[in-house]
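None of the figures in this text is laboratory data; all of them are computed from the coordinates on show. Quick caveat, the model's predicted, so the values are computed rather than measured. With ideal geometry, Cβ positions are generated from the backbone for all residues, glycine too; neighbour counts draw on all protein chains shown.
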Amino acid sequence: MNPFLKDPRFAGIEPFEKKVWLASPTMHGDEQRWVDEAIQTNWVSTVGANINEVEKQVAAYVGVKHAVALSCGTAALHLATKLAGEKLYGQARPNQGTLQGHRVFCSDMTFDASINPVAYEDGEAVFIDTEPQTWNMSPEALRKAFELYPEVRLIVVAHLYGTPGRMAEIRAIAEEHGALIVEDAAESLGAKYRLNGQWMETGTLGNYNCISFNGNKIITGSAGGMFLTDSEEDANKVRKWSTQSREAAPWYQHEEVGYNYRMSNIIAGIVRGQLPYLDEHIAQKKAIYERYKAGLADLPVKMNPFDEVNAQPNFWLSCLLIDEDAMAPQVRGEQDYLYASVPGKSSPSEILDALAAFNAEGRPIWKPMHMQPIYRTNPFVTVEGNGRGRTNAYIAGSGQDIGADIFRRGLCLSSDNKMTPEQQDIVIEIIHRCFK
Ligand SMILES: Cc1ncc(COP(=O)(O)O)c(C=O)c1O
C-alpha cells in the first residue's frame, strides 16, 4: 500500500477514481467534423482546407500576417532558429548548421525543445538565468551576458507556463545590440502582453515566432505547431523548407536542405475544431489558478507570479513555490530523490508523491537547461555575471541561481481544465495535509 494512504495526516481522503491530470486534451466535438470532412474529401495529406483555414484563423487571432502550419512546435522552432541563423550568418553548407561557431542567448528555465534547435544548427547555447517576477529570462542577466559576449546576435526566449516574460526590456536590449529574437510561445498561446501601451499576443513579440499544438497545450491538434510572422518572405521560406525544399522544376530539384515538417490536414482538422474554444480554455485555466491562489493563501507558498499590469497569462499551468523557511529537507540526484517529512514544512517531492498517491498529476518545475547533463558545460549567465564557478572555498559569495532555486522549491499543480472545483478542493486539501 502506498505509504501516503495510511499516513494519519491524510486520514479521510480517498484517491480519485479517475486520474486528475496536469493538462490533458479537451475535445468539443467540432474536431471530429473537420477530420471526417478531410477523410471524406480525400485531403489526407499535408495540403487541404483545414490547413489553410487554421493558418488564416491563427494569423487573425494573434495578429500576424502569416502563419505557417507545421508538424510540431519543435519543427517551428527549428526553422525559426535556422532562419535567424541564415539571416545573421548566411546560408550554410548542407552538412553544417547556420549557427556553427556562434553563441546564442537562451531562456534557461524552459522545455528543452525551445533551445535544442540551437544545437541542431551547430550553435552554442548560453543560458540566461531566470527572474523571480515572471519565472522567465532575466533582462538583467541578459545585459550581463552582452557584457561577457558582445558578439552574440540571437536570443531565444520562452514564456514559461503561459506567463509572458519581460519582453519590453528584452526587446530593448536586443535592439541595442542589433540582436534578433526567436520567440517560443509554445506554452502561451492566447497570453497577452502590453508593449508600449498596446496589448499584443505572445507569438508576435519576436522576429521569428512559434506556437505548439502538442497534446498538453491550451488547445491541441494531438500534435502540430506554427511559425508566425509578418514577413511574407520568411513565411514562404519556412513553407519551402518544411516541404523538402523543392525548387521550381518539373523534377525534384534541391538547392537547400529540406525537411518534412508540414502539418497534416488531419491534425489541422483537430486544431480547427479547437480554435473556437481557445478563449474558453483560458478562462477555465484562469479560474483554476485563482482557486489555487485563494485555497493555498493560508500556506507558506506563493503561486507562479506574473506582471499584473502588463501581462495577461493564459494560465496554462498553475504552480506553487514553497517559502524558504517552510522547505523540508529534499535532495535530488540526477534521476532519484529523497526527502524528509517535517511538521509544518514540506517539499515539492513530498507534495508530488502525495498527489500521485491520490491519483492526481503534478510535475516538478522544468529543470533548468544549465543543470541538464547535456548542457552542463555550456555557459550560464546570472545577474552577477558568469554563473559557472560562482563559489569559492576560501571566500564567501552568493552563487545566486534563481532557476535552480525555483526548481528546488517549486512544482506544477494539476491544471486540467476538466478538473471540477470539488476535485481541485481535494488537491488543495492534500497540499495542506503535506504541511501538517
Ligand atoms: C516551451 C516549449 N517549447 C517547445 C515545445 C515543443 O512543442 P512540440 O511538442 O509541439 O514540438 C514545448 C512543448 O512541447 C514547450 O513547452
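Hey, what does the equivalent ellipsoid look like for the stretch 384-436, semi-axes from the Cα gyration tensor as sqrt of 5 times each eigenvalue, largest first, whole Å? Walk me through the intermediate numbers first.
Numbers: eigenvalues 307, 39, 6 Å².
The three semi-axes for the stretch 384-436 are 39, 14, 5 Å.
If you rank SER415, SER222 by fewest surrounding Cβ atoms within 10 Å, what's the result? Could the numbers behind the result be given before it?
Details: SER415 29, SER222 14.
So the ranking, lowest neighbour count to highest, is SER222, SER415.
Assuming a ≥ b ≥ c are the square roots of the Cα gyration tensor eigenvalues, decide whether the chain counts as rounded (a/c under 1.5), prolate (otherwise, with a/b larger than b/c) or oblate. Show your work: numbers first, answer last.
Details: a/c = 2.01, a/b = 1.26, b/c = 1.60.
It is oblate, given that a/c is not under 1.5 and a/b is not larger than b/c.
Between ASN392 and GLU147, what FRET efficiency comes out of the Förster formula 1/(1 + (r/R0)^6) with R0 = 22 Å and r the beta carbon distance, rounded to 0.05?
Details: r = 21 Å, r/R0 = 0.95.
My answer for the efficiency is 0.60.
Output the peptides 275-288, 355-368, 158-171 sorted from most to least packed, where packing is the average of other Cβ atoms within 10 Å over each peptide's residues.
Top to bottom by mean Cβ count within 10 Å: 158-171, 355-368, 275-288.
ASP298 label point, 7 Å along Cα→Cβ, cut-off 17 Å on backbone N: hits in the stretch 395-436?
What the label zone holds, given the 17 Å backbone N cut-off, is 425-436.
Assuming a ≥ b ≥ c are the square roots of the Cα gyration tensor eigenvalues, decide whether the stretch 148-244 counts as rounded (a/c under 1.5), prolate (otherwise, with a/b larger than b/c) or oblate. Spell out each step's value before the answer.
Details: a/c = 1.83, a/b = 1.23, b/c = 1.49.
Oblate, because a/c is 1.5 or more while a/b does not exceed b/c.
Treating the stretch 342-436 as a set of equal point scatterers at the Cα positions, no solvent, please give the Debye-formula log₁₀ I(q)/I(0) at q = 0.14, 0.23 Å⁻¹.
Taking Cα atoms of the stretch 342-436 as identical point scatterers yields -0.68, -1.12.
Report the antiparallel proportion of the DSSP beta bridges in the chain as a percent, rounded to a multiple of 5.
Working: 32 of 53 bridges.
Rounded to the nearest five, the antiparallel share is 60 percent.
For THR420 and LYS65 in the same chain, what is the full-extension length gain: residue separation times 0.36 nm, less their Cα-Cα distance, in nm? Before the final figure, lay out the partial values.
On the way: separation 355, 0.36 × 355 = 127.80 nm, distance 3.82 nm.
Result for the pair: 124.0 nm of gain on full extension.
Where does each of TYR193, TYR149, TYR394, TYR252 land when they are ranked from fewest to most other beta-carbon atoms within 10 angstrom? Each step should come with its number before you reach the end.
Numbers: TYR193 24, TYR149 16, TYR394 4, TYR252 10.
Ranking TYR193, TYR149, TYR394, TYR252 by Cβ neighbours within 10 Å, fewest first, gives TYR394, TYR252, TYR149, TYR193.
Multiply the residue separation of SER245 and ARG33 by 0.36 nm, subtract the distance between their alpha-carbon atoms, and state the gained length in nm to one decimal. List each step's numbers first, then the result.
Details: separation 212, 0.36 × 212 = 76.32 nm, distance 3.21 nm.
Value of the extension gain: 73.1 nm.
Of the candidates MET303, MET369, MET226, which one comes out as most mobile in a Gaussian network treatment of the chain with C-alpha springs shorter than 10 Å?
With Cα springs under 10 Å in the chain, the top fluctuation among MET303, MET369, MET226 is at MET303.
If all Cα-Cα distances of the stretch 34-78 are sorted into 10 Å bins from 0 onward, what percent lands in each bin, rounded to whole numbers?
With a bin width of 10 Å, the distribution comes to 26, 47, 26, 2.
In the stretch 68-106, which residues have a backbone nitrogen under 19 Å from the label point lying 7 Å from ASN52's Cα in the Cα-to-Cβ direction?
Correct set: 68-70.
With N set to the residue count of the stretch 183-288, report its C-alpha Rg divided by 2.2 N^0.38 Å to two decimal places.
Values: Rg = 16.3 Å, N = 106, 2.2 N^0.38 = 12.9 Å.
With N residues counted in the stretch 183-288, Rg over 2.2 N^0.38 Å equals 1.26.
When a/c is below 1.5 the answer is rounded, else prolate if a/b is larger than b/c, else oblate, so apply that to the stretch 1-154 with a ≥ b ≥ c taken from the square roots of the Cα gyration tensor eigenvalues. Walk me through the intermediate numbers first.
On the way: a/c = 2.47, a/b = 1.16, b/c = 2.13.
Note, shape of the stretch 1-154 comes out oblate.
Given a Förster distance of 35 angstrom, what is the FRET efficiency for ALA168 paired with GLU232, based on the Cβ-Cβ distance and rounded to 0.05?
Calculated transfer efficiency: 0.85.
Can you pick out the pairs among LYS144/LYS302; LYS217/LYS293; LYS18/LYS367; LYS286/LYS345; LYS56/LYS367; LYS18/LYS65 whose Cα atoms lie more than 32 Å from each other?
LYS56/LYS367; LYS18/LYS65
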